[in-house]
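In what follows, a single structure is set out as structure tokens and then discussed.
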Amino acid sequence: MTLAIAYKLLAVMLAVALGWFAGRMRWLGDNDPARVLSNAAFYIFVPALLFRTTARQDFAAMPWGTLAAYFVPTVLVLLGVYAFYRWRRPGAPVALPCVRAISATFGNGLQVGLPMAAAVFGEAGLAIHVTIISLHALILLSVLTTLVELDLARERAQADASASLRRTLTLTLRNTVIHPVVLPVVAGLTWNGLGLPLPPVIDETLQMLGTGVVPLCLVLIGMSLAYYGLAGGLRGAVAVSALKLLLLPAVVLGVAHLGFGLRGLPLSVAVMMAAMPIGSNALIFSQRYGALEAETTAAIVVSTIAFMVTAPLWLAVLAALG
């Protein structure tokens with residue numbers, strides 16, 4: 001663990017602590033300001049970031065082999081965690097399987113991942129890391145949104161026996177596409193496909209909003225800790241942190257190395273991206289669907305602290321592989 005990475009982790013925790021202090025002091029009032037901040041991130045800042053990323057992405061230059069070696073095992077773990085909780089917890093909140101799945105797979109590739117890639121792997125490794133995180137939210141959030149909307153539609157159909165299959169499918173498709181995560185991705189891909197440049201004023205506005213995602217989410221984590229507490233979801237937080245910090249990088253290592261033949265620097269960057277602590281988008285997702293907010297908040301904090309121990313272990317494993 002280099003000094004630069006340690007400083008970045010400390011900065012993350014200090015920003016979370018500031019949010020916690022603001023929540024404890026009720027600086028933003030008592031009318032659930034954490035949820036207000038979450039909605040602001042989900043409906044304004046994250047869509048701006050997603051649209052700008054997809055609209056500007058040069059897909060022709062992407063290293064698709066490396067991306068497949070990372071995202072195939074990651075999505076497999078996501079679907080596995082979702083399926084486990086979907087059928088093992090039939091009486092749980094509808095969104096619980098997807099919330100656990102995002103916590104087990106969505107890493108903090110920006111605040112923690114960027115300085116780690118730069119410090120450990122240099123400019124070449126940083127370029128690979130940036131390529132992965134450029135599609136990270138697009139792929140994982142799109143899959144999870146589709147799954148949770150299907151589950152919600154299934155619940156609505158069971159509650160309303162008169163609902164036709166056509167009506168249920170139409171509503172599901174509408175809620176999946178007209179969604180603050182999926183819609184900006186579709187719009188950005190369409191803009192990109194048409195080969196249209198972003199007008200400078202629009203690009204500047206989207207960039208400004210996108211840069212607000214990181215500090216807003218860190219403060220939101222702290223405020224959620226102040227309102228929800230840590231003890232209530234600690235057991236689940238430890239379990240899902242273990243999935244994120246130990247299971248996911250192990251699966252990515254095995255599939256990427258043995259299945260896709262990935263070696264050297266690309267393999268190391270992919271595994272360390274998988275080994276990142278849980279990202280703040282997991283909390284935004286849990287608050288959007290009203291499930292496991294306390295556990296997800298605790299899991300982000302627990303995984304970020306535990307990362308100081310697990311990161312050197314994965315770097316040692318990679319070094320042994322050569």
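The values are calculated or read from the model by the stated rules, or taken from the named source; none is laboratory data. Everything numeric in this text was worked out from a predicted model, so none of it was measured. Counting neighbours? That spans all protein chains shown, and the Cβs are built from the backbone with ideal geometry, glycine included.
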Mind listing just one residue for me: the one in region 79-110 that is under 20 Å from residue 129 (Cα atoms) and among the aliphatic types (A, V, I, L, M) and, of those, surrounded by the fewest Cβ atoms within 10 Å (Cβ to Cβ)? 110
Listed residues 218, 225, 246; which is aliphatic (A, V, I, L, M), surrounded by 21 or more Cβ atoms within 10 Å (Cβ to Cβ) and within 30 Å of residue 66 (Cβ to Cβ)? 218
Criterion (under 28 Å from residue 68 (Cβ atoms), out of contact with any Lys or Arg (no Cβ under 7 Å at 6 or more places or on another chain) and free of Cβ contacts under 8 Å to residues at least 60 places away in the same chain) met by exactly one of 320, 239: 320
Number of the exception - residue 94 against (1) more than 16 Å from the chain's Cα centre (by Cα); (2) outside any loop (DSSP other than H, G, I, E, B); (3) more than 26 Å from residue 264 (Cβ to Cβ); (4) touching a residue at least 60 places away in the same chain (Cβ under 8 Å): (2)
From (1) at pLDDT 80 or above; (2) among the acidic types (Asp, Glu); (3) loosely packed, with under 14 Cβ neighbours inside 10 Å, pick out the condition that doesn't hold for residue 149. (3)
Restricting the search to region 152-198, which residues are surrounded by fewer than 13 Cβ atoms within 10 Å (Cβ to Cβ), modelled with pLDDT of 85 or more and either among the small types (Gly, Ala, Ser) or under 26 Å from the mean Cα position of the chain (by Cα) (or both)? 190, 193, 195
Quick check, is residue 27 aromatic (Phe, Trp, Tyr) and out of contact with any helix residue (DSSP H, G or I) (no Cβ under 7 Å at 6 or more places or on another chain)? yes
So which helices (runs of 4 or more DSSP H) are wholly in region 225-322 and hold at least 1 residues that are at pLDDT below 95? 234-242, 264-274, 281-288, 293-321
Restricting to region 49-66, what's the tally of residues that are assigned to a helix (DSSP H, G or I), surrounded by fewer than 20 Cβ atoms within 10 Å (Cβ to Cβ) and either under 19 Å from the mean Cα position of the chain (by Cα) or at pLDDT below 85 (or both)? 3
Collect the residues in region 30-42 that are out of contact with any helix residue (DSSP H, G or I) (no Cβ under 9 Å at 6 or more places or on another chain) and either modelled with pLDDT of 80 or more or surrounded by 18 or more Cβ atoms within 10 Å (Cβ to Cβ) (or both), keeping them in residue-number order. 36
What is the one condition in (1) surrounded by fewer than 18 Cβ atoms within 10 Å (Cβ to Cβ); (2) free of Cβ contacts under 8 Å to residues at least 60 places away in the same chain that residue 271 does not satisfy? (1)
Looking across region 288-322 at residues that are touching a Leu at 6+ places or on another chain (Cβ under 9 Å), among the small types (Gly, Ala, Ser) and within 30 Å of residue 264 (Cα to Cα), the single one that is surrounded by the most Cβ atoms within 10 Å (Cβ to Cβ) is 303
Could you identify the single residue in 130, 46, 81 that is of a type in the set (A, V, I, L, M, F, W, C), modelled with pLDDT under 90 and under 19 Å from residue 273 (Cβ atoms)? 130
Take residue 280 and decide whether it is among the hydroxyl-bearing types (Ser, Thr, Tyr), more than 21 Å from residue 72 (Cα to Cα) and touching a helix residue (DSSP H, G or I) at 6+ places or on another chain (Cβ under 7 Å). yes
Scanning for something of a type in the set (A, V, I, L, M) and crowded, with 19+ Cβ neighbours inside 10 Å, does region 256-264 turn up at least one residue? yes
